[in-house]
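Here is the structure we will look at, set down as structure tokens.
Just so you know, all these numbers are worked out from the coordinates, no wet-lab data involved. Note that the coordinates shown come from a computational prediction; the quantities given were computed from them, not determined experimentally. Glycine also receives a Cβ, built like all others from the backbone with ideal geometry; neighbour counts cover every protein chain displayed.
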Amino acid sequence: MSFLKSVLKQYDLVVDKLKLDDGVRERLRYPKRSLIVSIPIEMDTGKMKVYKGYRVQHDVTLGPSKGGIRYHPNVNLKEVTALAMLMSWKCALIQLPYGGAKGGVCCNPKIMSQKEIERLTRRFTTEIICAVGPEEDILAPDMNTNMQTMAWMMDTYSMQKGHTVLGVVTGKPLVLGGSMGREEATGSGVYYMVKESAKVIRKELKGLKVVVQGFGNVGSIAARLLFEEGCKIIAVSNSKGGIYNKRGINIKNLIQHVKENKKIADFPDVDNITNEDLLTLDCDVLIPAAIEGQITRYNANNIKAKIIVEGANGPTTPEADKVLHDKNVLLIPDILANSGGVIISYFEWVQDLQFYFWKESDVQQRLKEIMRNTFDRVLLLSREKKIDTRTAAWMLGISRISEAQKIRGLYP
Ligand code: NAD
């Protein structure tokens, strides 16, 4: 099943529970606006190559749309649409004044030079400029994009407008109006969610056995924070495969190893393991932090983790959700678990609009407060209604948007 189909299947389940009117159900099923652009750039060889880019704005009822930009060979309109929809539910669940959007370019940045990526980024930004802006649609990093990409986007937008516009992009470097804590935001949020979940199953963080799939921005930061708290990170992986040591992996050393451009498979004192086997290891906490569609009906039954905290967007299919719920696994769904990124993005945008910047401790305190409060709301609803946590989180998000739509009324 495609990712979009699986997201729509989940959507149908939730709106059935919410008993939404057919019109409202139909309205939220489709994005408000989808943009497909072609991006011609000059490669370092002097030849021209044309890439395809997307920006989908799913909903803007609660405020401007907000969402990341992904550079990956698998990026396509359906994937971006599904991710934009998840962003709408996420922002509404967290009670941010945003709708959901997502964007991306179908490319393989791993085989492109920095100069080529810069040209691609600047041309892509120019092609979607008609639809973005600090009050319309705010961009952010996602897979294979980072602070540098965001700085180029902000610069390109500002050059076109004729003045510096900080709030069009979040996830920027500090010197360009970025926020304290933004780079670690999503990983920090995942870490807070593991902490809260451990309390629910009455376990200490110290000694907790953790497995992390995906050792990028989200996975490596969550792993480091948990490692510093005394968790035993017994396995991690990237797209090439994973490593395993039942006594635990020294994550600080592994991060240094990766910084030195060494393969994680070459890290000392570990066994190599496939991504499939990694997911079903005997552990307390599983953090899928790579890509969608990893936990499916084929492997859900073999998952041994008691807690799953979804760092990635859409790592679990609806069929697997049911299996995990029946197995009593405490699952913290993506729209809550990885919301640290958009929460600190929101803080960054607020700081940019006010030209007034906060201390790191203020940022962390506010992030923790919002995430804990949302965690409690999701768990409470899931218990009250005897439903799984994903359904509860989606119900909270979708009902907030439909309520706002009802009050706004239908234009014209
Ligand atoms: P990243 O590019 O920094 O890291 C992704 C990691 O996953 C890399 O280690 C990569 O090798 C690995 N990977 C890719 N394909 C894989 C596969 N098939 N099997 C195993 N590992 C694989 O990306 P990121 O920013 O850490 O994002 C990871 C996930 O978190 C994505 O789903 C993204 O949408 C989601 N997310 C990210 C943020 C953020 O702020 N970065 C916020 C919310 C959600």
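Here are the numbers for the structure shown:
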read-out	value
Over segment 250-406: Kirkwood hydrodynamic radius from C-alpha pairwise inverse distances, Å	18.0
Inter-centroid distance (Cα atoms) of segment 71-117 relative to segment 120-140, Å	12
Neighbourhood net charge (13 Å Cβ-Cβ; Lys/Arg +1, Asp/Glu -1) for residue 31	+3
Whole-Hz ³J(HN,Hα) from phi, Karplus 6.51 cos²θ - 1.76 cosθ + 1.60, for segment 264-274, glycine and proline x	5, 4, 8, 5, x, 6, 9, 9, 7, 8, 7
Pair residue 174, residue 203: separation of 7 Å Cα→Cβ label points (nm)	3.5
Long-range amide H partners of residue 66 with built H, under 5 Å	99, 100, 101, 138
With at most 13 neighbouring Cβ atoms within 10 Å, loop GluC sites (Glu not before Pro) (DSSP) excluded, longest segment of the chain	261-412
Per-residue HN-Hα couplings for segment 342-354 [Karplus 6.51, -1.76, 1.60; θ = phi - 60°; Hz; x = Gly/Pro]	6, 5, 6, 4, 4, 4, 4, 4, 4, 5, 5, 5, 9
Zone of residue 404's modelled label, taken as backbone nitrogen in segment 310-341 under 14 Å from a point 7 Å along Cα→Cβ	none
3J(HN,Hα) from dihedral phi, segment 171-183, Karplus parametrisation 6.51/-1.76/1.60, rounded to Hz, x for glycine, proline	x, 7, x, 3, 5, 10, x, x, 9, 4, x, 5, 5
Positive-pole candidate from 220, 300, 2, dipole of the chain, charges at beta carbon	300
Under 14 Å from the Cα of residue 19 - aspartates and glutamates, other chains or at least 8 residues apart	403
Extension gain (nm, one decimal) between residue 357 and residue 49, 0.36 nm per residue minus Cα-Cα	106.8 nm
Charged-residue dipole, Cβ positions (Lys, Arg, Asp, Glu), segment 185-337 about Cα centre, Debye nearest 20	420
Base-10 log of normalised Debye intensity for the chain (one unit scatterer per alpha-carbon) at q = 0.08, 0.13 Å⁻¹	-0.40, -1.13
Amide H contacts under 5 Å for residue 171, placed H, 5+ residues apart	179
Share, in percent, of DSSP beta bridges within the chain that are antiparallel, nearest 5	45
Structure-based [θ]222 nm, the chain - -39500 (n - 2.57) summed over DSSP H runs of at least 4, per residue, nearest 500	-14500 deg cm²/dmol
